[in-house]
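Just so it is clear, none of the values below were taken in a lab; they were calculated from the coordinates. Not measured: the values here are computed from a predicted model. Ideal geometry is used to build each Cβ from the backbone, glycine not excepted, and the neighbour counts take in all protein chains shown.
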Amino acid sequence: MIRHDYAHPLRIDAASHQVARAGYPEHVSQLLRQLLLTSPGERVCLPEFGCGLRRLVFAGQSDALAATVRIQVQQSIDRWLGGQVELLDVSVQAGALPGSGLDEGALLVTVSYSLIETRTPASLTVRVL
């Protein structure tokens with residue numbers, strides 16, 4: 001059985017004039033991106049939803065910041081998407097670190113996960129400015 005869910009952001013498909021749909025792996029990736037880029041308090045009906053990465057962009061770039069981001073991402077994924085993904089790894093690069101190749105203040109977060117329903121490995125990289 002092929003599973004399809006609504007695409008995020010919600011939009012109308014031009015060909016079918018119906019709500020656009022996404023395959024299950026793509027849908028979970030969209031949910032994960034939404035979780036990482038949403039700040040707690042931003043959603044009215046779920047004020048605790050989100051990871052709050054954007055507020056950490058202005059923190060001092062250091063190894064401590066990378067560890068803090070890693071912990072926040074792990075906790076958010078376990079809480080909000082724990083039934084859909086098994087978290088394998090979270091890596092964080094901060095922009096001010098020498099050799100990172102990122103602009104100062106930028107964060108590059110890579111999440112490696114496995115879909116629980118299909119046991120398919122996947123990863124998502126988000127650049128937070």
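Data table
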read-out	value
Estimated 222 nm signal from helices in the chain, with DSSP H stretches of n ≥ 4 weighted -39500 (n - 2.57), rounded to 500	-9000 deg cm²/dmol
Tilt relative to the chain, helix 63-81 - C-alpha long axis, 0 to 90 degrees, to 10	20 degrees
Simple label model, 7 Å out from Cα along Cβ direction - ILE116 to VAL44, nm	3.0 nm
Computed Kirkwood radius, in angstrom, where 1/r is averaged over Cα pairs of the chain	15.7 Å
Interchain or long-range residues, amide H under 5 Å from THR38's placed H	CYS51, GLY52
³J(HN,Hα) computed for each position of the range 108-125 - Karplus, 6.51 cos²θ - 1.76 cosθ + 1.60, integer Hz, glycine/proline x	10, 10, 10, 10, 9, 8, 10, 6, 5, 5, 10, 6, 8, x, 7, 8, 9, 10
With Cα atoms, 0 to 90° folded angle of helix 24-37 axis to the chain main axis	40 degrees
